[in-house]
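Coordinate-derived values only; no laboratory data. Computed from a predicted model, the values in this text were never measured in an experiment. For neighbour counting, all protein chains shown are included, and Cβ atoms are generated from backbone atoms with ideal geometry for every residue, glycine included.
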Amino acid sequence: MSIIKLLDEFSSEKLTARHSSRREMFNTLGSFGKKAAAAAIPFGLATSGKARAATAAFFQENSAVSALQLALTLEYLEAEFYIKALDSGVIPGGSRAEKVYMQISKHETAHVDFLKAGLEGAGATPVESPTFDFTAGGAFDPFNENNTGQETAYAQLLALAQAFEDTGVRAYKGQAANLMGTAFLEPALQIHSVEARHASEIRRIRGLEGWITLDNRGEGMPEATQAVYDGEANVTQGGVDLTTLSYADPIIGDLTEAVTQAFDEPITAETATAIAGLFIVDEG
Amino acid sequence: MKKPKVKVDVIEASSKKSKNNSRRKFIKLGGLGIAGSSFLLYGCNEDDLFDPGGERERPQPQPEPDPDPEVFDLGSGDVGILNYAYALEQLEAAFYTQVRAGGYYAGAPQEEKDLFDDLYNHEVIHRDFFKVAITAAAGEENTLPDLEFDVSSIDFDSRDSVLATAMALEDTGVGAYNGAGDRIADATYLTLAGKIVSVEARHASAIRSLINPDSADFAGDDIIDENGLDLAYDPSEVFEIAGGFISTDFTADNLPEPMTGA
């Protein structure tokens, strides 16, 4: 399945127009029984197998599978990025960054395997890994393949890691609701917070705070990464403008900044796909 | 993958001890993990004997008498989960308030002061947000009251003590939110919890990196499993860790079970 098709699955038009395509129908209806049965144990977990209305389950499992395919695509991107980064010779040997990249690489590779196994367990075929271009068409040279120089390459290698991790956090958050009522939800949340830990550490290595202020991408981040941060400046949560709340204890410094730091914002599948798409040359 | 759910024995032990000290911290958990039933009866009626205020005569309209009308129950459904989160945010906010008043903070390098200022801000914002949100959704009478905390076991003059406690609280917060997600019925609340848990994870990572900067501890193998998955705790596990700091009695008898049983 290509990432474009994946994106299509998020369109509600597609959900209702499925019968118009025999192939689509096979993909969804045809495997539905298998999916529904297997979805009870998608990650090898025992579940209660609570009965759900078939119609509801159809849409639920469908959006859950799409959410996981998106997650897998992002994990492919991250996993390959960290492997190449560690192979590039750009990261100083024995440095803090090297230790951090090794740990993150281990996690992202594990996430790929875990999501593939989960999708297969649910009767879905995992998307293939796209072909990635981490130069984004020559805009970056994080692995110093084009002899940009070690220093610039290293800066870009850290900047891209930050962008990927902060994107991952937002993308998983955006898909949580699509996984409700499935055994996929909890593991996805557990990956989500790992991505947030990664993001915090990469940001700190770059000299930033671990959290996002307003919609600032942060010093040294290329303008091309701004899409990763757009929307993070939201101050209204659950219908409450948190800049107008009177707090029982005084907030230190700027209230609006603090409010935006205290909540991370989701992104849609479309936004996540668009961001990842900058680094995809061939859709698997 | 998940630890088997077991009844928390702490409850019983605390109940007994409460005979000797009725104000002693104890969190009573019931109905957690046992087939969706509230199995554990509140076992502290003796407490009434030690109630100096004598305010426990309030009439109860319920046909079945509430075992202890004075003790707040977190509630059921999403409100129960929101109150559960609110309890943790109250604890975190109280902790960072104390940190900023302590000796370690006073002498800390500016970078660490800035970090604790941020953590304090975020947790105060989370806490007061929950208060407003729960009150709006369920009314004041169903909103967890302001809790009191006993943080006497923490040495606020010691960097090690402060950082170790901060790490424990942040990691626990991450595990609590991750484990609660599948108990939330309303997608809006799930997303809200998601907006907060990733910030808690950013905190946990930063604290861990402050404790051991040149390492993989920010997302260490002690908390992330071989599948690359973070902590996910049941409420009983969370209260086992955090309950020691909470002085105000409340019960968690009606929290929802996981939707999928995962």
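May I ask for the net charge around A:Gln162, where only other residues with Cβ less than 9 Å from the Cβ of A:Gln162 are counted and Lys, Arg are +1 while Asp, Glu are -1?
+1
Are there GluC sites (Glu not before Pro) in the range A:69-139 that DSSP marks as loop and that have at most 16 other Cβ atoms within 10 Å, and which are they? Intermediate results must be reported in sequence, preceding the final value.
Numbers: sites: A:Glu75, A:Glu78, A:Glu80, A:Glu98, A:Glu108, A:Glu120, A:Glu128; in loops: A:Glu128.
Passing both the DSSP loop test and the Cβ count: A:Glu128.
Holding the Cα-Cα limit at 31 Å, pick out from A:Lys99/B:Lys195; A:Lys84/A:Lys173; A:Lys84/B:Lys113; A:Lys116/B:Lys113; A:Lys116/B:Lys131 the pairs that are longer than that.
Where the Cα-Cα span goes over 31 Å, the pairs concerned are A:Lys84/B:Lys113; A:Lys116/B:Lys113; A:Lys116/B:Lys131.
What is the sum of charges around A:Phe143, taking Lys and Arg as +1, Asp and Glu as -1, for the other residues whose C-beta is under 10 Å from the C-beta of A:Phe143?
-2
With a cut-off of at most 11 other beta carbons within 10 Å, and DSSP calling the residue loop, which GluC sites (Glu not before Pro) in the range B:173-262 qualify? Please list them.
B:Glu226
Taking 0.36 nm per residue of separation and subtracting the Cα-Cα distance, what length does fully extending B:Glu112 through B:Asp150 add?
Working it through step by step, the gained length comes to 11.3 nm.
Determine the gain in length on full extension of the stretch B:Thr97-B:Ser161; use 0.36 nm per residue of separation and subtract their C-alpha separation, reporting nm with one decimal.
21.5 nm
Net charge within 12 Å of B:Asp222 by Cβ-Cβ distance, Lys/Arg positive one each and Asp/Glu negative one each, not counting B:Asp222 itself?
Details: positive: B:Arg208; negative: B:Asp171, B:Asp217, B:Asp221, B:Asp225, B:Asp230.
That works out to -4.
Enumerate the residues in the range A:67-92 having an amide nitrogen under 17 Å from the point lying 7 Å beyond the Cα of A:Met102 toward its Cβ.
Flagged as within label range: A:82-92.
Enumerate by residue number the GluC sites (Glu not before Pro) in the range A:213-259 meeting two conditions: DSSP loop (anything except H, G, I, E, B), and at most 10 other Cβ atoms within 10 Å of the site's Cβ.
A:Glu219
Choose one of B:Gly194, B:Leu169, B:Val132: the residue whose Cα lies farthest towards the positive end of the charge dipole of the range B:77-249 (beta-carbon charges +1 Lys, Arg; -1 Asp, Glu; about the Cα centre).
After comparing all options, I get B:Val132.
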